[in-house]
Amino acid sequence: MNQHNSLELVYENIINSDLSVREYWIPSIWINTSEQLGICKTEPRSFFLNSIETIFNLSHNFESNFNKTVHNPLVYNLFLRYTTTFDHNNDGQISIEKLHGQLYETGTLLKSIAILPYLKSLGVDIIYLLPINEIGVFCRKGLLGSPYAYKHPFNIDPRLGEPFLNLSLDEQFKAFVQAAHSLGMKIVLEFVLRTISIDTDLAIEHPDWFYWIKEENFLNGTYKKPSFSNEELKIIKAKVDNNDFEDLIPPSESYITMFTNPPEKVFRENLRIVGIMNNGERVTIPFAFADWPPDDTQPEWTDVTYFKYYVHPKYNYISYNTVRKYSRELIQEGSVNRELWNFLENVIPYYIKNFDIDGAMIDMGHAIPDALLSSIISKTKKIKNNFIFWEENFQVSEKSRNIYDATIGYMFFDMTNPVKLRTIIKRFENRQYPLPFFLTAENHNTPRSGRYGKEFNKLVYVFNSFLPGIRFLLSGFEWCHDLPYNTGLCFSSDELTLFPTEKLPLFSPVDFKWGYENILQTILEVNEIVHRLGTISQPFDEAKIECIEMTNEYIVGYKRLLSNFELIVLGNFSQLEQKCSCEDLTSILRRSEILLGEFCLTNDDEIIFQPWGYLVLLNVLRSC
């Protein structure tokens, strides 16, 4: 099959379409990657056709970045519905209605295809997509809903298709993957296999795959996450910490009795899923919540519910001991919900067979039963042996190494703290990390690093790019965005009030700020050094890092040691100008090449770093 088959179908469909819109405003960089600033007016038909022609031309003459960076790839985290959201009619707002009945201002697969040359110019190796499925309506958060509250794992979100295209969503997604592949970029898609939207279509077809509660408890608000006393919490946490899952403390009896067996009849009523028991009692699907630790204070997850992995009459309720820290009795004495497991085991293979994706990020993979997770990975690897598996886990654990290629990790928690950052470098030096993790100051659940300004983002990219692991760009990092996608982690109560779902891209239509302040030049300069020196050519467990002890507490530094040279990276993790003695570096400075830097050297052998300044030195140890 021609590698452009689906992309050619899209191209031909655009030519033959009735697209009548003539004025279409886009960021200038979508047309010319050297035009970083501003917007321009174009005609959409010619824009899309020219974009695809550019991909065709590049695909015949590209050099795959991934082959050079296989051990330290550059990942671009793309939320399809958001990244190409733009005010195409230039009226000052983002509409969720179709422009002239033919085009969306929110992000689409076709617009994402159009920006692939831009991503290629950034040096991206892997495009990591947040979930792309159709989103539930009942209890929807924001105007468009969360991509994590999906109705069915095999149905793509209709908003991702341009209305004027006479092609299925599957064909459009296939074209996106093929276009990325033709430019040497891999596609990793995030999968949610633990929860699903509270109004999922699957509940009507398979009521036994879900938990159920009496409808009155849902309607009158008595159903809430279970609570435990302080004494109970101490016991629960101690048992789990000791891997003791025998006789875990259950929720109160009043909570447990809200739950029922699956109903005999299930239907949709005013968007909500309703069931009827044999005795005529009405039941419904309960919402989910942050289940670990049991006293987690996150708001309830009202738009999703849990899959019911195990069946056991004593454990017919939702709590930490049935949906994450599984009670041993539940596993040993209960039974696997086999039909559900078979279904979930085949979700990722479906996307390989139909779309040829290259990897999966497993949302909350550490909360999926080990046996189920093992079967999912085994079935997937039989289809595509080099398939990439990433774990959504903030821990970098030994257990993960036997399952995943990389994990998210925790670097974004510590990126602004020089003491903790120095500890991270020390752990690299002592080889205490069992597998690679994401080298980033942000993800889609955290505050954005851009809130500290452009110079901080430059420091982050420079400092992280020469460490072993997964180089990572959350879409918008390069444009110094300060608006978070979501407020899931590290937000104060005041910030939660400041960012309601109506203002957040994960839930609502928000303009993606293209063509403004950016660090594109810094990214290109760093990438050129990475490729020139091959600093990332070593497997993760062979990389040699040394922490550099500095006289200034705000300056964090490390050496990347290779056979014939050492790379020295220093960063000022402070919003103020900082000085440090470079007595121990003077000789190195004199014989080294300065690759990058925002600093100055005084006559007294002191380095003065600008706020968030950095220095990258190359010290050749011997000739090649």
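Quickly run through region 270-283 and pick out the residues that are surrounded by 15 or more Cβ atoms within 10 Å (Cβ to Cβ) and either over 16 Å from residue 151 (Cα atoms) or under 31 Å from the mean Cα position of the chain (by Cα) (or both).
In the first step, residues of region 270-283 are kept if they are surrounded by 15 or more Cβ atoms within 10 Å (Cβ to Cβ); the result is 272-277, 282-283.
Listed by number, the residues that qualify are 272, 273, 275, 276, 277, 282, 283.
Kindly indicate whether residue 529 is surrounded by fewer than 20 Cβ atoms within 10 Å (Cβ to Cβ), at pLDDT below 95 and in a strand (DSSP E or B). For residue 529, the condition - surrounded by fewer than 20 Cβ atoms within 10 Å (Cβ to Cβ), at pLDDT below 95 and in a strand (DSSP E or B) - is not met. Of all residues in region 475-492, those satisfying the criterion of being crowded, with 21+ Cβ neighbours inside 10 Å and at positive phi are 476, 480.
Mind telling me which of the residues 107, 123 ends up being on the phi > 0 side of the Ramachandran plot and either not aliphatic (A, V, I, L, M) or not assigned by TED's automatic domain parsing to the domain that holds residue 38 (or both)? Don't jump to the end; show me each part of the working.
On the way: 107 fails: on the phi > 0 side of the Ramachandran plot.
Criteria check complete, one pass: 123.
Residues 144, 103, 116: which one is within 27 Å of residue 521 (Cβ to Cβ) and at pLDDT 95 or above? Full working, then the answer.
On the way: 144 fails: within 27 Å of residue 521 (Cβ to Cβ); 103 fails: within 27 Å of residue 521 (Cβ to Cβ).
Exactly one residue qualifies, and that residue is 116.
Considering each residue of region 42-50 in turn, none proves to be modelled with pLDDT under 95 and either part of a loop (DSSP other than H, G, I, E, B) or not assigned by TED's automatic domain parsing to the domain that holds residue 147 (or both).
Could you please give the count of residues in region 464-496 that are assigned to a loop (DSSP other than H, G, I, E, B) and acidic (Asp, Glu)? Before the answer, list the steps.
At the first step, the residues of region 464-496 found to be assigned to a loop (DSSP other than H, G, I, E, B) are 466-469, 475-476, 480-492.
So of that shortlist, the ones also acidic (Asp, Glu) come out as 482.
The number of residues fulfilling the criteria is 1.
Among the residues of region 366-382, none qualifies, meaning not one is within 27 Å of residue 268 (Cα to Cα), touching a residue at least 24 places away in the same chain (Cβ under 8 Å) and not charged (D, E, K, R). Is it the case, given these coordinates, that residue 97 is part of a loop (DSSP other than H, G, I, E, B) and acidic (Asp, Glu)? Here the answer is yes, as residue 97 does meet what is asked. Among the residues making up region 522-562, those that are among the polar types (S, T, N, Q) and touching a residue at least 40 places away in the same chain (Cβ under 8 Å) are 522, 527, 535, 537, 538. With respect to (1) crowded, with 18+ Cβ neighbours inside 10 Å; (2) in contact with a Pro (Cβ under 8 Å, 6 or more places away or on another chain); (3) of a type in the set (A, V, I, L, M); (4) under 17 Å from residue 323 (Cα atoms), the lone exception for residue 266 is condition (4). Among the candidates 163, 158, the residue that is within 26 Å of residue 272 (Cβ to Cβ) and outside the structural domain of residue 260 (by TED's automatic domain parsing) is uniquely 158. The single residue among 491, 466, 512 that is closer than 27 Å to residue 615 by Cβ, in the same structural domain as residue 401 (by TED's automatic domain parsing) and of a type in the set (A, V, I, L, M, F, W, C) turns out to be 466.
For first residues located in region 217-237 and over 17 Å from residue 322 (Cβ atoms), partners that are aliphatic (A, V, I, L, M) and at pLDDT 95 or above and lie 6+ apart or on another chain with Cβ distances below 7 Å form the pairs 217/258; 235/249.
Out of the residues in region 106-164 that are of a type in the set (Lys, Arg) and farther than 19 Å from residue 472 by Cβ, which is surrounded by the most Cβ atoms within 10 Å (Cβ to Cβ)? I'd like the intermediate steps shown before the answer.
We begin by selecting, within region 106-164, every residue of a type in the set (Lys, Arg); these are 111, 120, 140-141, 151, 159.
Subsequent filtering for residues that are farther than 19 Å from residue 472 by Cβ retains 111, 140-141, 151, 159.
Values: 111: 26, 140: 20, 141: 24, 151: 21, 159: 21.
Only one residue fits best here, namely 111.
Which condition number does residue 233 fail, the rest of (1) in contact with an Asp or Glu (Cβ under 7 Å, 6 or more places away or on another chain); (2) under 20 Å from residue 339 (Cβ atoms) being met? The one condition residue 233 does not meet is (2).
Looking for something exposed (fewer than 14 other Cβ atoms within 10 Å of the Cβ), modelled with pLDDT of 95 or more and within 29 Å of residue 152 (Cβ to Cβ) - is there at least one such residue anywhere in region 226-241? No.
If you go through region 312-324, how many residues are in contact with a Lys or Arg (Cβ under 9 Å, 6 or more places away or on another chain) and either more than 19 Å from residue 287 (Cα to Cα) or not hydroxyl-bearing (Ser, Thr, Tyr) (or both)? Final tally of qualifying residues: 4.
Yes or no: residue 427 in contact with a Phe, Trp or Tyr (Cβ under 7 Å, 6 or more places away or on another chain), closer than 22 Å to residue 561 by Cα and in the same structural domain as residue 72 (by TED's automatic domain parsing)?
Numbers: in contact with a Phe, Trp or Tyr (Cβ under 7 Å, 6 or more places away or on another chain): yes; closer than 22 Å to residue 561 by Cα: yes; in the same structural domain as residue 72 (by TED's automatic domain parsing): yes.
In short, yes.
Within region 422-463, the set of residues being farther than 17 Å from residue 611 by Cα and in a helix (DSSP H, G or I) comprises 422, 423, 424, 425, 426, 427, 428, 429. Selection over region 338-352 of residues that are in contact with a His (Cβ under 8 Å, 6 or more places away or on another chain) and of a type in the set (A, V, I, L, M) gives a count of 1. Can you list the helices (runs of 4 or more DSSP H) found entirely within region 294-353 that contain at least 1 residues being over 21 Å from the mean Cα position of the chain (by Cα) and surrounded by fewer than 20 Cβ atoms within 10 Å (Cβ to Cβ)? Because the criterion is at least 1 residues that are over 21 Å from the mean Cα position of the chain (by Cα) and surrounded by fewer than 20 Cβ atoms within 10 Å (Cβ to Cβ), the helices (runs of 4 or more DSSP H) in region 294-353 that meet it are 328-333, 338-345.
Selection within region 112-157: residues that are assigned to a loop (DSSP other than H, G, I, E, B) and among the small types (Gly, Ala, Ser). The member of this set that is nearest to residue 35 (Cα to Cα) is 123.
The values are calculated or read from the model by the stated rules, or taken from the named source; none is laboratory data. In this text, all values refer to a predicted model and were calculated from it rather than measured experimentally. Every residue, glycine as well, gets a Cβ built from its backbone with ideal geometry; the counts of neighbours run over all protein chains shown.
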